[in-house]
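Heads up, the thing below is written out as structure tokens.
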Amino acid sequence: MRINSFADSGITRSAGHLRVIPRLLALFAALHCATGFTEEYDPDREASLLQCDNLYDRGNIDAAIDCFLPLSTGASLHVAAEAQWALGDTKKANEYFRRAVAEQPGNPHIRARWGRLFLSTHQPSQAVPLFEEAMQLDPDYLHAQIGLVAALINSQSGSEGRRLLLQLHAENPDNIELLLLRARLELEQNNLQTADTLLDTALVSAEKNNMAPLDIYALKVSADLLRDIDDSEWVEKALAYSPAYGDVYFIPVHYHLINYRYRESVDLLRKAVNVQPTHWSAHSQLGINLLRLNDIDGARKHLEIAYTGDPYDTATVNTLRLLETLKDFKDIDTEATFRLDSDIADSTAPVVMRLHRDEAKYLSPYVEELTLKAVETFSRRYNFALKEPLIVELFPNHDDFAVRTVSTPGVGLLGVTFGYLLAMDSPSGRPPGDFHWGSTLWHELAHVFTIEASNHRMPRWFTEGVSVYEEWQTGPLRGRHIPVDVLQAINENKLLPIADLDNGFVRPTYPNQVTVSYMQAGLVCEMISEFWGHDKLVKMLAQFNERQDTREAVSSVLGVSTEFLDQELQRYIKLKLGHVIDNFAEWREILASVHQSSPSSDAATVIALATQANNIFPEYVDKGNAYIPLHDAYEAIGKHEKAVEALETWYQFGGYEPDMLHQLAHRLRDLGRTEAASEVLESINWVSPNSIDLHERLGKDYLEIGNYRGALREFQSLLGLNPHDKSIVYLDIARAHQQLGELKPARRNVLRALEQAPFFREAQELLVELTGDSS
Amino acid sequence: MRMRSLWLAGLLWTGITPLANAANTTVVISGLGGNADYTEQFARYATSIADQARLAARSPQDVILVRGDAAKRSIIIGLLNNLSKGPALDTLVLYLIGHGSFDGDNYKFNIPGADITGDEIVEALNALNTNRQLVVVATSASGALLEPLTQDNRVVITATKNGRERNAVRLPMYLVDAITDQKADTDKNEIISAKEMFAYADRAITSYYNTEKLLASEHPRLEGELAQSIEVARYGNLLTLQASIPDELLGKREAISNQISTLRLRKDDIDEDDYFDRLENLMLELADVQKTIDQAGNSDNAN
């Protein structure tokens, strides 16, 4: 089973001898390092392999190839597997390991190495059982234990992996691989001093054991980089040891990327491919990150180089395919206007909307409206002027968006911001009503400001917190939308101390902790704004730009400790959500009973229970709310006004399920409340704009209530959806222009109507009226 | 000759249905329902289609409806044979409503007794002496007939894209909606063409499956260049006042309409403002004639 899955993974294929050799070294770098490092730390490695490793470590590439080749077909199966692996043919390596294990079933070393092969091809779930089997054969077999730790760290069980790592390291304080794994985690948490200590210990150990120090040097460069030291002495040392050691630049890139520093990543990756032109992974990453900076041509160039060297790298292949897909997209230029507090006149910033051709026409008016409003709002609120064109990409195919984001399909994200470029699912990328795309766009646009205003130096919790806070405060959807499971986590005191809140995003310890952390961060920012003032958030951004961490920024801007802020958060939550937190169990129980009762056959019960649930937590309007059953129950007993009232309250609190909104608008129109109906329909544009009925109805409502600009937007959008009868739409556009006194476009559009339908009496009459031709 | 073909091309491109009074011979056949619901539905759809055709027909004999037990193999083949023996027909419009089947090789239209095969249908239609044909096979698996039926001067509409779509189809219901709902008439000339009927029904089917969140089990198809020029229904003044509208006015209306088609063909070669200026003049002229037609019809009607 494992073998099939491995063979089908698409990551590796058998390759002919001639094709393997040119890509040897890059694959060596990309695949040989099972734990993300260049070196192998196999204590039982055969001397023949060590000899080849040493040639490679010293940059003698051709000699390394000549060394591995004879071993790859030699008599020893596991040595042949290692050599094939080093030469980049992981499929053959897998086959040899399988046969070696069958030949020596009691050998833990071979199983552990086989596990490492899976780990190196990003298949930790396949690696774990092999490590466990090796540990059954020898419970103290450290190479398997470390492999297991690395596999767990790279899987959903990250916290368990980290716990095991600390335990193993305590038992084996001088093990280089453990020291490096720990140093890497410390660097990710910006614990530079601890990382330094670990790396210094590793250096001593490497020297003592006569091991190549290249990985240690690369992490030393990473630590310097996190201190903003650009000319690290460790680069020189590494290149002196191995002149073609591209990893000295490639490994540190990870620390830029986790801090959203794509420009700096590109600089490092350029250096990596300069010293090691065959570092295909570096070319691939360079292409991917150039694409994040909107350099499409540059991205294509490096991805094509990467593909030539390693056609089986899924990130490269996926991103090249994405570039082909982008040919179906259309760039629409517009301009945002904004004014900072200190400015006396408006400034402008170019905006590019990159939308799929099939939906650009109907979607662009809404993307443009929200983006321009966001730039105006956030420039003012965060006192930051955009310095580069803002690129907004919306993907109708979720997997294209996923590849755009993390180079692989199947991720559960909605939107991502790379700085001045943001990418997100288009509303058509998910089922209608599945997400409020307007809020997602607003959230991502807020990131542009926090990321750029702090020069990518803000902590994760802060940028997410501000985006969530802005969704609640200024976004296109009313209300604070906190999921039930987050309320439950709050109720169970699962919130993290603010100083550690980043861990909730990058190292979650329970299933929904990322969502909980988003909401907690939003509440923290909201609290800071309410208790201390919104300007303090802006000042904190400035402090982050000055390289202060959370503790320092909180202390210098708010004058309090993060511990005090934690206490204040409890008070704030009590103040804002106490009514539901204090009655959480009761509310959930009532809500469950509401949904267990039938609104049609047991309307009285549903009305009583739903009212009770809404009294406890009236703001709850998301999935499983009590308003919809309340509406249905009132409908069932013929109390239509009460039914409308229930829906209206739901809408006022931020309900956004499109079918219910359509229903509410319809009922309001029937009651003669066209203006209210149009407001409800307008809100659907930010959830599910891919609807002919919506734009047709809203356009006509706007015509009726005299919102002619709104009507024009709706009818233009309607045309983008290719309605059955365009002549009616053009006629309505002509009428809106006529009402605005814009007679030339009115005539032009009535002619467009007649172009479609020359015998259209109403259009003929309007044409006669507009031209004054009464003959 | 060149002018004529240019005009014809323009007509197809611009999507305007010619105004000449229809000279259709319409045959509507509803097949075996298999159960009471389908039997009733098929008969109702067939009746509605025939009723609508009769409204615009020159003579009641121009519309033939065969349904229920009458839809036997011998009767259908005999009917088509008889049509082939008479004088040449201008336009034959044939609707087959019901269930169809396809065994991988042969399509069959399900009727009481022995089914009629696709080959028999094709053979009978090929034998007819007609200028144009519209063949609507609104049955399951009807896509199997798309290719065998396709030929010059024939428009073919099927309910499915191939013979493997075997579920009962919704196309007949939407065809009825199309010919009775003015919304299908997108060029607003009070004539619903085969193309407009198909476009309306096709959209309605797509919308139905999308709204119901069902995997679509039917994908209607249309083949044939003449779909825009074959009339399937008319309404409004053109229908109610057709007898009282002077031919001269109708001719004038058609002449202007042809000029519009020609102008539209040249749209890409003309400066935009110039194009719309010329179009405006023609449209004003057409509006004027249209007004006269409406008034003429109304005044005659009042007398």
>> If a residue must be under 15 Å from A:Asp502 (Cβ atoms) and of a type in the set (Ser, Thr, Tyr), how many such residues does segment A:540-557 contain?
In response: 1
> How many residues, within segment B:103-126, are open to solvent by 50 Å² or more (accessible area, probe 1.4 Å) and assigned to a strand (DSSP E or B)?
Replying inline: 1
>> Given the criteria in the same structural domain as A:Asp66 (by TED's automatic domain parsing), open to solvent by less than 10 Å² (accessible area, probe 1.4 Å) and not charged (D, E, K, R), does A:Asn107 qualify?
In response: no
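Among the residues of segment A:358-367, is any polar (S, T, N, Q) and either without any contact (Cβ under 8 Å) to a residue 12 or more places away in the chain or within 30 Å of A:Ala282 (Cβ to Cβ) (or both)? Step through it out loud before you land on a result.
Residues of segment A:358-367 polar (S, T, N, Q): A:364.
Retained after the next criterion (residues that are either without any contact (Cβ under 8 Å) to a residue 12 or more places away in the chain or within 30 Å of A:Ala282 (Cβ to Cβ) (or both)): none.
The answer is no; no qualifying residue exists.
Would you pick out the residues in segment A:273-293 that are surrounded by fewer than 19 Cβ atoms within 10 Å (Cβ to Cβ) and modelled with pLDDT of 95 or more?
Taking segment A:273-293 and keeping what is surrounded by fewer than 19 Cβ atoms within 10 Å (Cβ to Cβ), we get A:274, A:277.
Result: A:Asn274, single match.
Kindly evaluate A:Ala127 against the criterion of being within 27 Å of the chain's Cα centre (by Cα) and open to solvent by less than 70 Å² (accessible area, probe 1.4 Å).
Details: within 27 Å of the chain's Cα centre (by Cα): yes; open to solvent by less than 70 Å² (accessible area, probe 1.4 Å): yes.
Yes; evaluated as a whole, the condition is true for this residue.
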> Among the candidates A:Gln738, A:Gln716, which residue alone is under 38 Å from the mean Cα position of the chain (by Cα), within 26 Å of B:Asp273 (Cβ to Cβ), away from chain B (no Cβ under 14 Å) and open to solvent by 10 Å² or more (accessible area, probe 1.4 Å)?
Replying inline: A:Gln716
>> All but one of (1) crowded, with 18+ Cβ neighbours inside 10 Å; (2) away from chain B (no Cβ under 14 Å); (3) under 27 Å from B:Asn281 (Cβ atoms) hold for A:Leu731; state the number of the condition that does not hold.
In response: (2)
> Taking segment A:354-376 on its own, how many of its residues are out of contact with any Phe, Trp or Tyr (no Cβ under 7 Å at 6 or more places or on another chain), open to solvent by less than 10 Å² (accessible area, probe 1.4 Å) and closer than 19 Å to A:Glu452 by Cα?
Replying inline: 1
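What number of residues in segment A:741-751 are among the basic types (Lys, Arg) and more than 8 Å from chain B (Cβ to nearest Cβ)? Steps first, please.
Initial filter on segment A:741-751 (among the basic types (Lys, Arg)): A:744, A:747-748.
Those left that are additionally more than 8 Å from chain B (Cβ to nearest Cβ): A:744.
Residues flagged as among the basic types (Lys, Arg) and more than 8 Å from chain B (Cβ to nearest Cβ) within segment A:741-751 amount to 1.
So which of A:Leu226, A:Leu199 ends up being under 23 Å from A:Leu178 (Cα atoms) and surrounded by 21 or more Cβ atoms within 10 Å (Cβ to Cβ)? Break it down stepwise before answering.
Numbers: A:Leu226 fails: surrounded by 21 or more Cβ atoms within 10 Å (Cβ to Cβ).
Of the residues listed, the single one that is under 23 Å from A:Leu178 (Cα atoms) and surrounded by 21 or more Cβ atoms within 10 Å (Cβ to Cβ) is A:Leu199.
Let's see how each residue does on (1) closer than 29 Å to B:Leu286 by Cβ; (2) over 18 Å from the mean Cα position of the chain (by Cα); (3) open to solvent by 10 Å² or more (accessible area, probe 1.4 Å):
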position	(1), (2), (3)
B:Asn131	yes, no, yes
B:Val137	no, no, no
B:Ser142	no, no, no
B:Leu145	no, no, no
B:Pro148	no, yes, yes
B:Val156	no, no, no
B:Asn162	no, yes, yes
>> Looking only at segment A:614-650, count every residue that is free of Cβ contacts under 8 Å to residues at least 60 places away in the same chain and at positive phi and tell me the total.
In response: 1
> How many of the residues making up segment B:153-206 are touching a Leu at 6+ places or on another chain (Cβ under 6 Å) and over 18 Å from B:Arg54 (Cα atoms)?
Replying inline: 7
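Yes or no: segment B:283-290 includes at least one residue that is open to solvent by less than 30 Å² (accessible area, probe 1.4 Å), more than 9 Å from chain A (Cβ to nearest Cβ), assigned to a helix (DSSP H, G or I) and at pLDDT below 90.
Step one: of segment B:283-290, the residues open to solvent by less than 30 Å² (accessible area, probe 1.4 Å) are B:283-284, B:286-287, B:289-290.
Subset that is more than 9 Å from chain A (Cβ to nearest Cβ): B:289.
Now narrow it down to the ones that are assigned to a helix (DSSP H, G or I): B:289.
From what's left, at pLDDT below 90: none.
No, every residue in segment B:283-290 fails to be open to solvent by less than 30 Å² (accessible area, probe 1.4 Å), more than 9 Å from chain A (Cβ to nearest Cβ), assigned to a helix (DSSP H, G or I) and at pLDDT below 90.
Here is a yes/no grid of residues against (1) in a helix (DSSP H, G or I); (2) closer than 29 Å to A:Tyr56 by Cα; (3) modelled with pLDDT under 95; (4) out of contact with any helix residue (DSSP H, G or I) (no Cβ under 9 Å at 6 or more places or on another chain):
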{"site": "A:Gln84", "(1), (2), (3), (4)": "yes, yes, yes, no"}
{"site": "A:Ala93", "(1), (2), (3), (4)": "yes, yes, yes, no"}
{"site": "A:Leu117", "(1), (2), (3), (4)": "yes, yes, yes, no"}
{"site": "A:Ser125", "(1), (2), (3), (4)": "yes, no, yes, no"}
{"site": "A:Glu133", "(1), (2), (3), (4)": "yes, no, no, no"}
{"site": "A:Asp140", "(1), (2), (3), (4)": "no, no, yes, yes"}
{"site": "A:Leu148", "(1), (2), (3), (4)": "yes, yes, yes, no"}
{"site": "A:Ser155", "(1), (2), (3), (4)": "no, no, yes, no"}
{"site": "A:Arg162", "(1), (2), (3), (4)": "yes, no, yes, no"}
> Considering segment A:520-552 alone, what residues qualify as being crowded, with 22+ Cβ neighbours inside 10 Å and in contact with a Leu (Cβ under 9 Å, 6 or more places away or on another chain)?
Replying inline: A:Gln520, A:Ala521, A:Leu523, A:Val524, A:Cys525, A:Ile528, A:Met540, A:Thr550
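Report yes if some residue within segment A:136-143 is open to solvent by 10 Å² or more (accessible area, probe 1.4 Å) and closer than 30 Å to A:Thr314 by Cβ; otherwise report no. Before you say what the answer is, go through the steps one by one.
Within segment A:136-143, the first condition is being open to solvent by 10 Å² or more (accessible area, probe 1.4 Å), and the residues that meet it are A:136-142.
Still in the running and closer than 30 Å to A:Thr314 by Cβ: none.
Among the residues of segment A:136-143, not one is open to solvent by 10 Å² or more (accessible area, probe 1.4 Å) and closer than 30 Å to A:Thr314 by Cβ, which makes the answer no.
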>> Which condition from (1) closer than 30 Å to A:Pro483 by Cβ; (2) more than 38 Å from the chain's Cα centre (by Cα); (3) open to solvent by 70 Å² or more (accessible area, probe 1.4 Å) is the one that A:Glu641 breaks?
In response: (1)
>> Tell me yes or no: at least one residue of segment A:294-301 is in a loop (DSSP other than H, G, I, E, B) and within 21 Å of the chain's Cα centre (by Cα).
In response: yes
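Table: residues versus (1) in a helix (DSSP H, G or I); (2) on the phi < 0 side of the Ramachandran plot.
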site: A:Glu696; (1), (2): yes, yes
site: A:Asp701; (1), (2): yes, yes
site: A:Glu714; (1), (2): yes, yes
site: A:Ser717; (1), (2): yes, yes
site: A:Gln738; (1), (2): yes, yes
site: A:Gly741; (1), (2): no, no
site: A:Pro758; (1), (2): no, yes
site: A:Gln764; (1), (2): yes, yes
> Restricting attention to segment B:181-237, which residues are under 15 Å from B:Leu134 (Cβ atoms), within 14 Å of another protein chain (Cβ to nearest Cβ) and open to solvent by 50 Å² or more (accessible area, probe 1.4 Å)?
Replying inline: B:Lys195
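Filter segment A:468-488 down to residues that are of a type in the set (D, E, K, R) and under 27 Å from A:Leu372 (Cα atoms) and give me whichever is surrounded by the fewest Cβ atoms within 10 Å (Cβ to Cβ). Please lay out each step first, then the result.
Pass one, segment A:468-488, residues of a type in the set (D, E, K, R): A:470-471, A:478, A:480, A:485.
Still in the list and also under 27 Å from A:Leu372 (Cα atoms): A:470-471, A:478, A:480.
On the way: A:Glu470: 27, A:Glu471: 23, A:Arg478: 16, A:Arg480: 19.
Residue satisfying both the conditions and the ranking: A:Arg478.
Of all residues being under 47 Å from the mean Cα position of the chain (by Cα) and open to solvent by less than 20 Å² (accessible area, probe 1.4 Å) in segment A:752-775, which is farthest from the other protein chains (Cβ to nearest Cβ)? Just the residue, please. It would help to see each step written out before you state the result.
Step one: list which residues in segment A:752-775 are under 47 Å from the mean Cα position of the chain (by Cα), which gives A:752-753, A:755-756.
Among the residues that remain, those that are also open to solvent by less than 20 Å² (accessible area, probe 1.4 Å) are: A:753, A:755.
Values: A:Ala753: 9, A:Glu755: 7 Å.
Here the residue is A:Ala753.
Do the conditions hold for A:Asp66, that is, is it at pLDDT below 95, under 30 Å from A:Lys237 (Cα atoms) and open to solvent by 20 Å² or more (accessible area, probe 1.4 Å)? Before you say what the answer is, go through the steps one by one.
Values: at pLDDT below 95: yes; under 30 Å from A:Lys237 (Cα atoms): yes; open to solvent by 20 Å² or more (accessible area, probe 1.4 Å): yes.
Answer is yes for this residue.
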> Would a scan of segment A:683-696 turn up a residue that is surrounded by 23 or more Cβ atoms within 10 Å (Cβ to Cβ) and without any contact (Cβ under 8 Å) to a residue 24 or more places away in the chain?
Replying inline: no
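The values are calculated or read from the model by the stated rules, or taken from the named source; none is laboratory data. All of these numbers come straight from a predicted model, not from anything done at the bench. All Cβ positions, even for glycine, are placed from backbone atoms using ideal geometry, and neighbour counts span all protein chains on display. Each accessible area value is taken on the protein alone, full model and side chains, heavy atoms only, with ligands, DNA and RNA left out. Shrake-Rupley method; radii C 1.70, N 1.55, O 1.52, S 1.80 Å.
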